[in-house]
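This report refers to the structure that appears directly beneath it.
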Amino acid sequence: MSALSGELKTNQVAVPAQNITISTISQKSEALFDETSMRFIKIAISLSQEKDLKKLMNLITNEAMQLTSSARGTLYLVDRERQKLIFYVTNQLSFNEITIPLTPESIAGYVGVTGETLMLDDVYELSEELPYKFNKSFDQRTGFRTKSMLVVPLSSHKNEIIGILQLINKESENEIIGYNRTDLELINAVGSLAAVSIENALLYKEIENLFEAFVRYSATAIDERDPCTGGHSRRVVLYSVGLAAALGTFSQAQIKEIKYAAWLHDIGKIGVREAVLSKENKLTNTEIDVVRCRLNMICEMMQKDAYEQALQLMASKSETCEGIVIQSLKENVSRFKEEVANDFNYISQINVPGFMTDEKIRRLEAIRNKKYINSQGQAFEYLSQFEYENLMVIRGNLTNYERMEIESHVTKTYEILKHIPFTRELKNVPEFASKHHEKLDGTGYPNRILAANIPVQVRIISIADIYDALTAQDRPYKKAMPAEVALKILKEEAAAGKLDKELLDLFIAEEVYKLSDDPSTLAE
């Protein structure tokens, strides 16, 4: 074999080897491109689906860290009103909300003010001439060593900076290296998606906050209409959300639905007359004054008639009888006034809410049957039919008609809420809010439905509502019950099959009923 032929063979072998190398690189590049493309598609889908702002920001930070092999990451929101950067998300360490000034003295603040991107190889070697400085306090406190940084502004569609993404310590083969142009391009791409998602989440949160404020202040306004129930809705929310959380089977969205239903459970009281809502006694102060004036007038008429009768008798009798007649009439007048005063005192006693025994009923009926007929033959009843019916209320202070009006608030609640275009997550609010007076045994109102048709959410609100009604300090017509007495009554209701026993046991075991003792436990 000639040298030439040997050389040709060698060349023939070398060329395919080179082609294989180029092909392999090309395949790896394509695979990397495909992987990155798929990664971006997944990121875009994830960002578009997440509405919770804090979860969204955590997602953005984690994805950016993975794309750039960063050890740490931080995402700030820009608060222009307060001129602050709000820190929400970090990796590995957990913080509450922290704010730093939106000024060019800090690295993140500089990016927030200027809109510039910073790519720093070592933050400990920054030039003294730069307007921003690295704050070493976190490193000193934790022992962590911050080195390289990539800090990128996130801009809205209006070109306003709404966030700052800060990535720390790019890692490569167990070494910390500086960020490169590829990292910047990747983060700019992610940042564009992130900015849109953050802007949408902020808008969603603003709308949600607006709606919640409207719900809360509507409920508060209803409570304030009735001075007897001030703060009632707030406490029902506390107990309902607390019990739902203790149960541990509801998602955050479902708990939010319970919260809104609890806030709005009495919204129908807007259609109930204030005179009925705020009724303290069986007869109002004005109505009891009318009774007092009528009885005083009857006493005055009786005395006038007695004096006229005395004059007539004195004119027809001898002088020896005059003293006896006058004395007798005076005694009659005094006795009559005393009887009327006793009747009025009794009326005042039974005017307060309570229970009417048979003996009380008989005496009230006797007073109702009394009437004074004056000298001209005119009859004056001690009590009107309206007054008698109100005083005859066997238990409490409401007549049957008034109680029906009060109970109609749940129907009105449903009628009001069914016209509100709730989101899918809140679609059951009208049902949950309007059924809180139903009982598991079918003795509740308005529809007397049975347990099978009463959702767990409604059962929760029912327990919260009854407990607060029993223990509230702001009911002038009754004394607040101690917690142990109220819980005893609830246990009796559960034993009778009216309330959910398992939920009540949890309400007691987890001490949910104590939530209102802490003013900071407002369910947000």
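Data overview
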| quantity | calculated |
| --- | --- |
| Mean-position separation - Cα centroids, segment 138-215 and segment 42-87, in angstrom | 5 |
| Among (1) 177, 57, 39; (2) 79, 58, 44; (3) 66, 59, 49, the entry derived from the coordinates for Cα extents along the principal axes in Å | (1) |
| Cα lying deepest toward the dipole's positive end in segment 144-254, options ALA213, ILE164, SER192, charges on Cβ | ALA213 |
| Relative contact order (%) - the chain, alpha-carbon pairs under 8 angstrom, separation at least six | 12 |
| Relative contact order computed over segment 178-291 (Cα-Cα under 8 Å; 6+ residues apart), in percent | 25 |
| Degrees separating the helix 181-225 axis from the principal Cα axis of the chain, which is the longest one | 0 |
| Helix-only mean residue ellipticity at 222 nm for the chain, each DSSP H run of n ≥ 4 adding -39500 (n - 2.57), per residue, nearest 500 | -19000 deg cm²/dmol |
| Charge dipole magnitude, Cβ of K and R +1, D and E -1 - the chain, Cα centre, debye nearest 20 | 960 |
| Alpha-carbon Rg with Dmax, taken over segment 51-204, Å | 14.5, 44 |
| ASN285-LYS514 pseudo-label distance in nm [points 7 Å out on the Cα-to-Cβ vector] | 3.9 |
| Between 0 and 90°, nearest 10: helix 456-471 axis offset from the chain longest Cα axis | 50 |
| Options MET301, THR114, PRO153, ranked by Cα towards positive dipole end of the chain, top entry (Cβ charges) | MET301 |
| Whichever aspartates and glutamates have a C-alpha closer than 20 Å to that of LYS84, once near sequence neighbours (fewer than 8 apart) are set aside | GLU97, GLU105, GLU116, GLU160, GLU199, GLU206 |
| Principal-axis tilt of helix 285-316 within the chain, Cα atoms, nearest 10 degrees | 10 |
| Candidate aspartates and glutamates for bridging to LYS360, where Cα separation is under 13 Å - those fewer than 8 sequence places away on the same chain excluded | ASP343 |
| Set LYS371/LYS412; LYS269/LYS501; LYS330/LYS371; LYS282/LYS488; LYS427/LYS498 screened for pairs whose C-alpha atoms are more than 31 Å apart | LYS371/LYS412 |
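Bear in mind that the values in this text are calculations on the coordinates, not laboratory data. What you see is a predicted model, and the numbers here were worked out from it, not measured in a lab. So basically every Cβ, Gly included, is an ideal-geometry build from the backbone, and we count neighbours across all protein chains shown.
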